[in-house]
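Accompanying notes for the structure given below.
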Amino acid sequence: MDSKYFATSKNDAGGPSPVKFSIKRKHDAIANSPILEKKTHVAQIKQTIAPILLTSKRTTIEQHQRSLPVFNCRQRILKELELNDTVLIMSETGSGKTTQIPQFLLQAGYAKSGMIGITQPRRVAAITVARRVAQELNGNIGDTVGYTVRFEDATSKATKIRFLTDGVLLRESIKDRLLLKYSVIILDEAHERTVNADLLFGIVKDAQKERRKQKLGNLKVVVTSATMDIDHFGKYFSCKGLYLEGRTYPVRVMHTKEEHEDYVHTVLVTLFHIHRTTPRNHDVLVFLTGQEEIESLAQQIRQLAKIDTTGTTDLRVFTLYAQLSQGKQLECFVPTPANVRKVILATNIAETSITIPGIRCVIDCGFVKEKSFNTANGLDVLKSVRISKAQAWQRAGRAGRDADGTCYRAYTKAEMDSFADATQPEILRSNPTSMVLQLLALDIDCNNFDFLDPPLEEGLRSAYKSLDALGAIKTGTVSYITPLGRQMVQYPLDPKYSKLLLTASSFGCMEEILSLVSVLSSDHVFVSNSDKNEMAALAHAKFQSKHGDHLTLLNVFNAFSKTEKPKMWCHDNYLNLRSLTYARNVRRQLTEISERLHLALNSSDDIEMLKKCILNGFFENIAVLQRDGFYITVSGNIRAKIHPSSVLHGKYKPSYILFTEVVQTEQTFLRQVTEISIEWIKEIVPFVKNIPTR
Ligand code: CDP
Ligand code: MG
């Protein structure tokens with residue numbers, strides 16, 4: 001592309017609005033750093049079938065199904081599965097793997113001897129895809145087609161096709177190692193390589209072998225993916241791969257000519273450039289890293305778009321990320337009128353899990369938010385990292401689903417050359433604590449498990465150590481799970497939280513801890529609205545506890561539980577109704593599990609006791625104030641500040657704190673903190689050593 005692409009034409013200057021002016025200046029800044037063109041087709045695939053927009057009224061479901069690339073491969077897939085127990089299927093995102101293959105299997109009679117289970121790495125995908133398939137089969141969710149995600153089950157006895165997150169299937173396997181409920185398991189999105197999926201690969205392989213041996217009916221396994229190392233998977237599953245030719249159109253790819261530090265700004269400028277230069281029916285998909293970034297950019301775009309059009313908007317912004325309510329997530333599938341451009345700001349959720357029709361332009365910021373585990377200090381850190389080359393191509397490919405497209409990359413060609421080829425499997429970069437415990441609950445020692453890629457030994461060692469400290473396992477020549485550990489795996493939570501729940505009754509504050517853990521499971525309770533920040537702060541102030549964020553959250557949850565008009569109450573208090581409702585559901589389920597475990601549901605208003613109880617579960621997350629105002633964490637010696645969102649931010653700094661997580665942006669922050677004291681550390685968790693001096 002030549003430099004004029006980004007130059008704002010003189011005619012575009014528009015009125016004297018200051019906002020318009022500033023965006024114009026931003027464009028000029030980029031005009032001096034034009035974007036390079038890179039020749040390329042995302043895949044060398046024929047351009048045969050006309051774009052099919054499902055949502056068009058004229059298109060029937062059947063026509064849509066026939067138009068999908070997997071339709072022509074139906075017989076081949078069924079034949080392969082008849083001849084083999086395991087089949088690998090690889091094809092482009094949007095070819096119909098997730099929505100069609102389960103239906104093929106249903107029609108071929110596979111649901112007669114058990115359910116057809118399809119795992120998804122994300123809850124959003126599990127839910128949206130289940131709804132879609134239910135709709136295609138002309139039924140309601142929970143009948144023939146259902147889904148189960150953590151804390152939510154929409155299935156019934158009649159359910160034959162069941163979408164579930166890989167985490168849910170993994171937990172089921174603890175109770176039913178041979179997965180006897182299922183006749184087929186489709187492990188979808190295998191390229192995502194979540195830890196749970198990696199464990200399931202080993203578990204289904206083992207279940208297949210055992211079921212064959214015990215003559216309990218074959219378990220068929222289908223592994224599907226958009227991009228997958230077929231050789232690697234093929235060797236592991238001892239089977240061949242099936243490559244289905246997809247249907248995509250050429251995508252022109254642009255890189256920035258110069259490096260830009262502020263990618264959000266680059267994205268904004270690029271978007272308005274597209275908006276000025278391409279037809280309105282070319283929808284735009286923007287890849288960003290997370291909720292806050294997405295919401296703030298969405299707001300900026302809405303403001304700018306409004307001014308541009310003097311009244312009616314010609315650009316509608318949608319957001320798509322995991323924490324969004326289901327209703328909101330589904331909004332972006334609905335087409336906008338032909339003269340209104342749809343702009344979707346999404347996380348990597350839109351990379352392969354979800355296909356939105358109508359996208360002709362992609363803007364890729366080049367980053368993804370990833371949880372990574374630091375083996376040196378044993379802590380999980382959430383941070384933005386560079387995507388891999390494979391991810392960059394996946395993102396670009398989203399522009400070529402319906403017709404020719406363009407992908408704008410907010411990074412240079414040279415920057416991309418330095419990206420890793422493929423994303424590292426999560427198992428190699430995440431905290432293995434939960435995994436080790438789950439496997440031990442299956443009586444599997446990690447050292448003997450058939451991993452597709454074995455996790456790092458150093459990480460495993462620290463996981464065993466940490467679980468031993470929690471009392472969940474006993475390590476030795478042979479490690480085994482303790483009765484406490486067995487109780488811990490009953491909760492679908494990180495072992496730290498499970499431990500907290502399991503010890504809460506002995507501190508007399510089970511009810512409070514149930515509420516706290518539930519509200520911690522639900523993110524973004526406080527609504528911040530930049531237009532009304534002061535009002536929101538005022539509303540939030542009444543829940544504030546001087547002890548810190550955990551007690552503040554508890555105050556919010558308690559007040560929410562008492563209100564009779566939750567919707568209005570949340571609105572008036574700038575709180576997120578969806579998050580709090582979710583927390584209430586979580587609480588109900590955690591309470592059920594606690595009752596099953598015969599834990600006393602006692603309650604106390606002794607705040608000191610409550611904080612001691614939290615300390616008992618979170619002893620690995622202690623930090624100590626230093627002279628320079630920074631905190632040093634006890635595990636790992638991380639230097640960090642209290643997160644700006646904390647009620648303890650910027651005020652008096654307690655000497656000792658507990659935190660829920662480490663967040664790394666340009667700086668390192670401790671999020672959700674509570675004040676504790678050195679005396680309590682000595683009293684409650686005397687085994688915690690190496691406490692930094694002040
Ligand atoms: O799994 P794969 O990426 O191969 O495709 P899919 O998820 O089965 O989607 C096939 C097609 O169905 C997509 O191209 C979308 O057009 C459509 N679809 C939809 O309109 N709404 C959904 N919730 C899911 C899929
Ligand atoms: Mg899919």
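The values are calculated or read from the model by the stated rules, or taken from the named source; none is laboratory data. Everything numeric here is computed off the predicted structure, so don't read it as measured data. Neighbour counts run over all protein chains shown; Cβ positions are idealised from the backbone, glycine included. SASA here: full protein model, heavy atoms, side chains in, ligands and nucleic acids out. Shrake-Rupley method; radii C 1.70, N 1.55, O 1.52, S 1.80 Å.
Show me 173-180, 666-673, 437-444 ranked by packing, highest mean number of other Cβ atoms within 10 Å first.
Details: 173-180: 15.5, 666-673: 17.6, 437-444: 19.8.
The most tightly packed comes first, giving 437-444, 666-673, 173-180.
Quick one: net charge of R212's neighbours, Cβ under 15 Å, K/R +1, D/E -1? Mind dumping the intermediate values first?
Values: positive: R177, K205, K209, R211, K213, K215, K220; negative: D85, D206, E210.
Local net charge: +4.
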Charge context of I607, other residues only, Cβ under 12 angstrom, K/R +1, D/E -1
-2
Pull up all non-local amide H partners of T668: gap of 5 or more, or a different chain, and H-to-H distance under 5 Å with H placed in the peptide plane.
K641
Segment 495-613 -> Rg/Rh from Cα coords, Kirkwood Rh, value 0.99
Added length on full extension, which subtracts the Cα-Cα distance from 0.36 nm per residue, L597 to E458:
46.7 nm
Check F367: other-chain or 5+ apart residues with amide H under 5 Å from its amide H, H built from backbone geometry?
I387
Contact order relative to length of segment 619-684, as percent, for alpha carbon pairs under 8 angstrom and 6 or more apart:
28 percent
Pairs K465/K641; K240/K465; K235/K474: which are spaced more than 29 Å apart, C-alpha to C-alpha?
K240/K465; K235/K474
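Given R₀ = 45 Å, FRET efficiency for L330-A414 by Cβ-Cβ distance, to 0.05?
On the way: r = 39 Å, r/R0 = 0.87.
Calculated transfer efficiency: 0.70.
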Take the Cα of D153, step 7 Å along the line toward its Cβ, and report every residue of segment 571-585 whose backbone nitrogen sits under 20 Å from that point.
582-585
Could you go through segment 423-438 in sequence order and give the Karplus-derived ³J(HN,Hα) for each residue, using 6.51 cos²θ - 1.76 cosθ + 1.60 with θ = phi - 60°, rounded to whole Hz, and x for Gly and Pro?
5, 6, x, 4, 4, 8, 9, 10, 5, x, 4, 4, 4, 4, 5, 4
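Kirkwood hydrodynamic radius for segment 97-149: how many Å is it when counted over pairs of different Cα atoms?
Numbers: mean 1/r = 0.0890 Å⁻¹.
For segment 97-149, the Kirkwood estimate is 11.2 Å.
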Take the solvent-accessible surface of the protein heavy atoms, probe 1.4 Å, and return the percent of it on segment 251-426 that carbon and sulfur atoms account for.
49 percent
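Work out the FRET efficiency for N585 and K79 from their Cβ-Cβ distance, taking R0 = 51 Å, and round it to the nearest 0.05.
Numbers: r = 43 Å, r/R0 = 0.85.
Rounded to the nearest 0.05, the efficiency is 0.70.
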Residues of segment 60-84 with amide N under 17 Å of the 7 Å Cα→Cβ point at K240
73-84
Along the three principal axes, how long is segment 373-453 when you take its alpha carbons, biggest first, rounded to the nearest angstrom?
52, 31, 18
Starting from the 7 Å offset along Cα-to-Cβ, what nm value, one decimal, do you get for the label separation of T482 and D450?
3.3 nm
Collect residues whose amide H, placed 1.01 Å from N in the peptide plane, falls under 5 Å from the amide H of S430; neighbours closer than 5 in sequence don't count.
F373
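Tell me, in nm to one decimal, what length is gained between K389 and K474 on full extension, where the rule is 0.36 nm per residue of separation less the Cα-Cα distance?
Details: separation 85, 0.36 × 85 = 30.60 nm, distance 4.20 nm.
So the chain would gain 26.4 nm between K389 and K474.
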Say each of D572 and K215 gets a label point 7 Å from the Cα, pointing the same way as Cα to Cβ; how far apart are those two points in nm?
7.0 nm
For the pairs K157/K181; K160/K220; K97/K205, flag any whose C-alpha to C-alpha distance is greater than 19 Å.
K97/K205
Take every Cα pair under 8 Å in the chain that's 6+ residues apart, average their separations, divide by the length, and report that relative contact order as a whole percent.
11 percent
In sequence order, what are the phi-derived ³J(HN,Hα) couplings for segment 145-151 according to the Karplus relation 6.51 cos²θ - 1.76 cosθ + 1.60 with θ = phi - 60°, rounded to whole Hz, with x for glycine and proline?
10, x, 9, 9, 10, 4, 6
Dimensions (Å) - segment 412-506, Cα atoms, principal axes, largest first:
59, 30, 18
What's the percent breakdown of Cα-Cα distances in segment 431-486 across 10 Å bins, shortest bin first?
25, 63, 11
Write down the percent of antiparallel bridges among all DSSP beta bridges whose residues are both part of segment 61-244, to the nearest 5.
10 percent
Over the chain: helical MRE at 222 nm, DSSP H runs n ≥ 4 each giving -39500 (n - 2.57), nearest 500:
-11500 deg cm²/dmol
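How big is the antiparallel share of DSSP beta bridges in the chain, given as a percent to the nearest 5?
40 percent
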Taking only the alpha carbons of segment 619-684, the radius of gyration and the largest Cα-Cα distance, Dmax, both in angstrom, are 10.9, 36
DSSP beta bridges in segment 585-694, what fraction antiparallel, as a percent rounded to 5?
90 percent
Take the alpha carbon atoms of segment 635-649, find their center, do the same for segment 181-259, and report the distance between the two centers in whole angstrom.
40 Å
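What FRET efficiency do you get for R627 and A541 if R0 is 30 Å and r is their Cβ-Cβ distance, rounded to the nearest 0.05? Present the calculation step by step, with values, prior to reporting the outcome.
Details: r = 30 Å, r/R0 = 1.01.
Computed FRET efficiency for R627 and A541: 0.50.
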D (µm²/s, integer) via Stokes-Einstein for segment 130-213, Kirkwood Rh across alpha-carbon pairs, 20 °C, 1.002 mPa s: value 158 µm²/s
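Order 358-366, 102-110 from most to least packed using the mean count of other Cβ atoms within 10 Å. Provide the component values of the computation, followed by the final result.
On the way: 358-366: 24.6, 102-110: 18.6.
The densest-packed peptide leads the list: 358-366, 102-110.
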Among 557-569, 331-343, 609-621, 215-227, the order from most to least packed when residues are scored by Cβ within 10 Å on average:
609-621, 215-227, 331-343, 557-569
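Run the accessible area of segment 431-486 with a 1.4 Å probe and give the carbon-and-sulfur part as a rounded percent.
Working: 1370 of 2620 Å².
The value for segment 431-486 is 52 percent carbon and sulfur by accessible area.
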How much of the accessible area of segment 495-613, probe 1.4 Å, is carbon plus sulfur, in whole percent?
51 percent
Leaving out ligands and nucleic acids, note down the accessible area per residue over the chain with a 1.4 angstrom probe, in whole Å².
44 Å²
For the chain, evaluate the Debye formula with one uniform point scatterer on each Cα (no solvent term) and list log10 I(q)/I(0) at q = 0.05, 0.06 Å⁻¹, rounded to two decimals.
-0.25, -0.37
